[in-house]
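Have a look at this one before I ask anything.
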Amino acid sequence: MSDAQNRAAALLREHRASIDRLDAILVYTLAERFQHTQSVGRLKAEHDLPPSDPAREAQQIERLERLAREADLDPEFARKFLNFVIAEVIRHHEILQS
């Protein structure tokens, strides 16, 4: 391998290590988020509140899109991601209410 290829391989390893670390952070952060949403779901079930709150969800999507723009992340991707997470949270809340 040439020196340039060795340097490229070393950089690739560094990037991949960073990606692996960030993936772990994402997983643990999502787990913590879902612990809180499970608590919210139990509270809603105990007090006969609806499993979803469309006004709150719209506010959160708007907020996340703004944060995405600030972070130089595609706001469309951020919206799709949050919609996916919200759908999963609502599914959990519906299970808790049944």
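Values quoted throughout were computed directly from the atomic coordinates according to the rules given, and no laboratory measurement underlies them. Computed from a predicted model, the values in this text were never measured in an experiment. Virtual Cβ from ideal backbone geometry, glycine too; neighbours counted across all protein chains shown.
Spot the failing condition for GLU14; the list is (1) out of contact with any helix residue (DSSP H, G or I) (no Cβ under 9 Å at 6 or more places or on another chain); (2) closer than 22 Å to PHE81 by Cβ, and only one is missed.
(2)
Could you check GLU32 against (1) over 24 Å from ILE95 (Cβ atoms); (2) under 13 Å from the mean Cα position of the chain (by Cα) and say which number it fails?
(1)
Can I ask one more? So which residues in the range 58-87 are under 20 Å from LYS44 (Cα atoms) and either over 14 Å from the mean Cα position of the chain (by Cα) or touching a residue at least 40 places away in the same chain (Cβ under 8 Å) (or both)?
Listed by number, the residues that qualify are ALA58, GLN59, VAL85.
Filtering the range 1-55 down to residues that are among the basic types (Lys, Arg) and touching a residue at least 40 places away in the same chain (Cβ under 8 Å), which residue is surrounded by the fewest Cβ atoms within 10 Å (Cβ to Cβ)?
ARG33
Considering the range 56-98 alone, what residues qualify as being part of a loop (DSSP other than H, G, I, E, B) and surrounded by 14 or more Cβ atoms within 10 Å (Cβ to Cβ)?
If the condition is that a residue be part of a loop (DSSP other than H, G, I, E, B) and surrounded by 14 or more Cβ atoms within 10 Å (Cβ to Cβ), then LEU73 is the only one that fits.
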